[in-house]
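First comes the structure, then the notes that go with it.
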Amino acid sequence: MRFAVIGNPIAHSLSPAMHRAAYAALGLEHSYDPMLVTDIGAQINELKTLDGINITVPHKEAMLAYCEADEFARRAGAVNTIDWKSNRGINTDGAGFSDVLARETPGAQSILILGAGGTTRSLALALTQAAYQVTIWNRTESRAHELVTDLEIPARVSSTPQLPGQDVIVNATSAGLTDETLPLDWGEAEPSAVFFDLYYGTEPTQISKTAAEAGLRTIDGRELLIAQGARSFSWWLQREAPVEAMRAAVYG
Ligand code: NDP
């Protein structure tokens with residue numbers, strides 16, 4: 001079978017190495033390639049020659065129009081996994097994130113999400129469905145209100161990023177990409193709080209470094225990458241994903 005991850009840019013993606021490691025671990029001869037997609041309409045026929053695709057920035061929203069997305073993906077407004085045989089699409093970001101939280105922060109209840117972009121939609125939807133108490137702070141506050149109203153979820157919007165009482169603090173802004181910081185007073189965070197930065201790169205973000213310096217446990221976006229990838233793998237191939245082989249490939 002042939003799979004790919006589509007995006008623009010795409011060369012940086014760790015998904016090919018991660019999925020190839022999974023196939024190798026199980027003796028499967030499937031392929032998984034990075035594919036630069038600049039124009040979905042012009043490239044859709046080529047994409048449909050594959051068995052399935054993962055979708056990353058900036059195509060998760062637009063690809064909804066090309067598949068029969070399940071209810072979660074339609075509500076989240078984004079699809080990240082498509083099976084072309086059935087033409088069905090799902091979004092594994094929200095459930096993947098819940099998997100990581102259940103494993104890494106058992107007992108956590110209150111979650112502060114920083115940012116109100118596309119990824120926050122999937123996360124906030126999945127986390128409120130899993131009965132976490134979710135608070136959202138966004139630089140542009142109106143976008144956070146719009147997100148909560150649009151999704152009809154029981155999440156709070158905060159005008160300032162209040163850290164006291166939060167079990168988990170999630171950076172779902174793209175501030176990490178430019179190494180900008182956020183207006184956070186880490187001294188106010190609970191000593192047991194966990195900081196989850198969705199960003200991952202060669203170096204931790206400045207935000208993550210300051211959280212670690214304040215004594216918080218930090219987790220980076222590679223754990224979400226692995227968790228959402230494992231869910232895509234299982235959905236396509238109807239078998240358990242070899243998560244440790246995938247993790248080893250991602251942490252290199
Ligand atoms: P979007 O572009 O949809 O949203 C960006 C968000 O970041 C907005 O809320 C925006 O606020 C905020 N923002 C941008 N710059 C700043 C800044 N300087 N200060 C404060 N807030 C800022 O992005 P996505 O939701 O798609 O992705 C968010 C992050 O999550 C990215 O870093 C991405 O790489 C990461 N990600 C990681 C995944 C993984 O597998 N590890 C999966 C998916 C995403 P405003 O509304 O005010 O503009």
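With respect to Gln206, determine if the residue is on the phi > 0 side of the Ramachandran plot, out of contact with any strand residue (DSSP E or B) (no Cβ under 8 Å at 6 or more places or on another chain) and polar (S, T, N, Q). For Gln206, the condition - on the phi > 0 side of the Ramachandran plot, out of contact with any strand residue (DSSP E or B) (no Cβ under 8 Å at 6 or more places or on another chain) and polar (S, T, N, Q) - is not met. Scanning the range 202-244 for residues that are more than 12 Å from the ligand (Cβ to nearest atom), assigned to a loop (DSSP other than H, G, I, E, B) and closer than 23 Å to Ser13 by Cα, we see that the one that is modelled with the lowest pLDDT is Thr202. Would you call Trp235 within 19 Å of Met18 (Cα to Cα) and either surrounded by 15 or more Cβ atoms within 10 Å (Cβ to Cβ) or in contact with a Ser or Thr (Cβ under 8 Å, 6 or more places away or on another chain) (or both)? Answer is yes for this residue. Filtered by the rule that a residue be within 14 Å of the ligand (Cβ to nearest atom) and of a type in the set (S, T, N, Q), the range 136-153 gives Asn138, Thr140, Ser142.
Looking only at the range 63-86, which residues are within 21 Å of Val148 (Cα to Cα) and of a type in the set (D, E, K, R)? Scanning the range 63-86 gives Asp70, Glu71, Arg74, Arg75.
Counting only residues that are closer than 19 Å to Ile226 by Cβ and more than 11 Å from the ligand (Cβ to nearest atom), how many does the range 109-129 have?
Residues in the range 109-129 being closer than 19 Å to Ile226 by Cβ and more than 11 Å from the ligand (Cβ to nearest atom): 2 in total.
Please count how many residues of the range 156-188 are away from the ligand (no atom under 14 Å from the Cβ), touching a strand residue (DSSP E or B) at 6+ places or on another chain (Cβ under 7 Å) and not in a strand (DSSP E or B). Residues that pass the stated criteria total 4. All conditions but one from (1) part of a loop (DSSP other than H, G, I, E, B); (2) within 25 Å of Ala144 (Cβ to Cβ) apply to Gly96; the one that does not is (1). Criterion applied to Arg121, Arg139, Arg143 was being out of contact with any helix residue (DSSP H, G or I) (no Cβ under 8 Å at 6 or more places or on another chain), under 20 Å from Lys60 (Cα atoms) and modelled with pLDDT of 95 or more, and the one residue passing it is Arg143.
The values are calculated or read from the model by the stated rules, or taken from the named source; none is laboratory data. Remember, it's a predicted structure, so these values are computed and weren't measured experimentally. Cβ coordinates were reconstructed from backbone atoms using ideal geometry, including for glycine residues, and neighbour counts include every protein chain displayed.
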